[in-house]
Amino acid sequence: MAKTERRASSGVSRRELLAAGIVAGSSLAISSGTAEADTISQRVPWAPGEASNPVPVSKSGYQFFSPGEVAWVDAAVSRLIPNDELGPGAQEVGVTVFLDRQLAGAYGRAERWYMGGPWAKGTESQGYQSRMTPAQLYRAAIKAIDGYCRTKFGGKPFVELSAEQQDKVLGELEEGKAKLDQVDAKTFFKQLLLNTQEGYFADPLYGGNKDMAAWKMIGFPGARYDYRDFVSKHGQRYPLPPVSLYGRPDWTPKG
């Protein structure tokens, strides 16, 4: 009886009051602007290059590496992915430029990573565990590896070693046998190999994979917009050339 009397005396139930508020809010939202629907048929509702237009990295000069570090990275990535009968090596497709631009930017500064510790040595499954940012790691490791090489090879830095000697040093880094000042050898080798692979196969937009050579070697079509005509053609070679995020040079009007 009390609830019935309360509703009768006020004239409005609580549920009705809430419903009225929702309707009022909706009316305000609608009155603040108009919403129109459009049916799109037989056309693309956007023009290419209007939004989020990708900008290729500049290929001129180096932004992070010193000249000596450039020579070191050229030598190292050339051993990790050498130039052979299958295709160009890492140096030839611009992996050093890719690494330089990455280390000079947000990746090199670890801007999106948690870097607050603790700094206990991690397991193989835990990924990157260094207190150094990638940029700091590369700079310290290159210096430390040159010191290691000079001690072991009569004063010669890494770039002056023979290909066989460079392979031996890289193998010792990979296995953790090389003892470096301030840097864990396995940690750096793992990062160097990963970044080299990324630069070799990444979109040319980022500085590596020059002329999409790595994609052509493995038959990867790239960032082409539509593959529907080829989805059902199992076991057939894809006939079209690869496409970068910024298109193909032959799509750009001359003059």
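The values are calculated or read from the model by the stated rules, or taken from the named source; none is laboratory data. Quick caveat: nothing in here was measured; it's all calculated off a predicted structure. Neighbour counts run over all protein chains shown; Cβ positions are idealised from the backbone, glycine included. Accessible surface areas use protein heavy atoms only, side chains included; no ligands, DNA or RNA. Shrake-Rupley method; radii C 1.70, N 1.55, O 1.52, S 1.80 Å.
Taking the criterion of being free of Cβ contacts under 8 Å to residues at least 40 places away in the same chain, assigned to a helix (DSSP H, G or I), closer than 24 Å to Met212 by Cα and open to solvent by 20 Å² or more (accessible area, probe 1.4 Å), would at least one residue in segment 75-90 satisfy it? Break it down stepwise before answering.
Within segment 75-90, the subset free of Cβ contacts under 8 Å to residues at least 40 places away in the same chain is 78, 82-85, 89.
From what is left, the residues that are assigned to a helix (DSSP H, G or I) are 78.
Of the ones still in play, those that are also closer than 24 Å to Met212 by Cα are 78.
If we keep only those that are open to solvent by 20 Å² or more (accessible area, probe 1.4 Å) too, we end up with 78.
Within segment 75-90 (the criterion being free of Cβ contacts under 8 Å to residues at least 40 places away in the same chain, assigned to a helix (DSSP H, G or I), closer than 24 Å to Met212 by Cα and open to solvent by 20 Å² or more (accessible area, probe 1.4 Å)), the answer is yes, since at least one residue qualifies.
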message = It is to be established whether one or more residues within segment 102-115 are more than 16 Å from Thr187 (Cβ to Cβ), in a loop (DSSP other than H, G, I, E, B), in contact with a Gly (Cβ under 9 Å, 6 or more places away or on another chain) and open to solvent by less than 50 Å² (accessible area, probe 1.4 Å).
response = no
request  = Find all pairs meeting these conditions: Cβ atoms under 8 angstrom apart; at least six residues apart or on different chains; first residue within segment 230-246 and within 20 Å of Leu205 (Cα to Cα); second residue assigned to a loop (DSSP other than H, G, I, E, B) and of a type in the set (Gly, Ala, Ser).
outcome  = Val243/Ala223; Ser244/Ala223; Leu245/Ala223
query = When both residues are 6+ apart or on different chains and their Cβ atoms are under 9 Å apart, which pairs have a first residue that lies in segment 126-140 and is more than 15 Å from Val73 (Cα to Cα) and in contact (Cβ under 8 Å) with a residue 60 or more places away in the chain, and a second that is open to solvent by 30 Å² or more (accessible area, probe 1.4 Å) and part of a helix (DSSP H, G or I)?
reply = Tyr128/Thr187; Tyr128/Lys190
query = What pairs come up if the first residue lies in segment 145-170 and is of a type in the set (Asp, Glu), the second is open to solvent by 60 Å² or more (accessible area, probe 1.4 Å) and at pLDDT 95 or above, and their beta carbons are under 7 Å apart, counting only those six or more places apart or on different chains?
reply = Asp167/Arg79
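If you go through segment 182-202, how many residues are assigned to a loop (DSSP other than H, G, I, E, B) and touching a Phe, Trp or Tyr at 6+ places or on another chain (Cβ under 8 Å)? Steps first, answer last, please.
First pass over segment 182-202, keeping only residues assigned to a loop (DSSP other than H, G, I, E, B): 182-184, 202.
Within this subset, residues satisfying the condition of being touching a Phe, Trp or Tyr at 6+ places or on another chain (Cβ under 8 Å) are 202.
Here the count works out to 1.
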